[in-house]
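Have a look at the structure below before the remarks.
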Amino acid sequence: MITLDLSGKNALVFGVANHRSLATAIAKELSTGGARIAAAYLSERLRGMVEKALEGMDPLLIECDVTRDEDLERVFESVRREMGGLDYLVHSIAFANKEDLEGDYRNTSRDGFRLALEISAYSLLPMARLAAPLMQGRGGSIVALSYIAAERAVPRYNVMGTAKAALEQAVRQLALELGPQGIRVNAISAGPVNTLAARGIGGFTGFLKLYEEKAPLKRNITQEEVGKAALFLLSGLGSGVTGTTLHVDCGYHSVAY
């Protein structure tokens, strides 16, 4: 395990749903280093699972629907009030209607397309806008979670692939805008991991088998590996890295067969 002294650092993590979430793995790495964790969760019915997932971290928990500007503003105001500033921001949220992940991509509904992009990609913009003032003078860092479908056509990933492509472009644009303020913005393109969100994609088990067969390392990644990669990008270890999508997929993205 990589260990860093992150004492005095504050992290806000969006996307913790349960102990399997990639956001949880990232929060654990940051907490182990000494960072204080704030976690934004979707609804009160999820609070118990979020508390269990982050057990031992003494997190600041804040309910938030990212489609509501007032919720996002309340989250960052809570961070300002309770923590005083922000060093790390993790965007690990994505959503698309089930029917838009089951049929043909060309049949994606207009409302479904808008919803997927609003939650999965657009939400990074107001988060960055609200985080920037809290990161001033702190060398802040932002990491978003993506997938290979941002670059390639993946069966049944449909509109979520479009959303991930938009997310990665947003990462590059925000890196350009926020760089002069000393704020870095990067993405992690993670291989398939057995999370609640991943199981919502049709044929997910097949993806796991494909990666074991095709990836140079001949295996699938773990949540911990994503957590360690995020720790690198968020912390001073990645101080010279911004506007980048880091593939954590056992090398699957590099092969063409």
In segment 223-257, how many are in a helix (DSSP H, G or I) and either of a type in the set (A, V, I, L, M) or touching a Phe, Trp or Tyr at 6+ places or on another chain (Cβ under 9 Å) (or both)?
9
Candidate set: segment 13-33, residues that are within 9 Å of the chain's Cα centre (by Cα) and small (G, A, S); chosen: the one surrounded by the fewest Cβ atoms within 10 Å (Cβ to Cβ)
G15
Considering only residues that are loosely packed, with under 15 Cβ neighbours inside 10 Å and over 18 Å from the mean Cα position of the chain (by Cα), which ones fall in segment 54-73?
E55, G56, D58, R68, D69, E70, E73
Are there any pairs with C-beta distances below 7 angstrom linking a residue in segment 81-104 that is without any contact (Cβ under 8 Å) to a residue 60 or more places away in the chain and more than 15 Å from S146 (Cβ to Cβ) to a residue that is surrounded by fewer than 21 Cβ atoms within 10 Å (Cβ to Cβ) and aliphatic (A, V, I, L, M), with the two at least 6 apart or on different chains, and if so which?
E82/L60; N97/L115
Looking at (1) modelled with pLDDT under 95; (2) touching a strand residue (DSSP E or B) at 6+ places or on another chain (Cβ under 8 Å), which is the only condition H247 fails?
(1)
I'm checking my understanding of the structure. Among residues of segment 109-158 that are surrounded by fewer than 20 Cβ atoms within 10 Å (Cβ to Cβ) and among the polar types (S, T, N, Q), which one is nearest to L208 (Cα to Cα)?
S109
Counting only helices (runs of 4 or more DSSP H) entirely within segment 50-136, those with at least 1 residues that are in contact with a strand residue (DSSP E or B) (Cβ under 6 Å, 6 or more places away or on another chain) are 69-83, 124-135
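The values are calculated or read from the model by the stated rules, or taken from the named source; none is laboratory data. Model, not experiment: these values are computed from the prediction. Because the Cβ atoms are built from the backbone with ideal geometry, glycine has one as well, and the counts that use them run over all protein chains shown.
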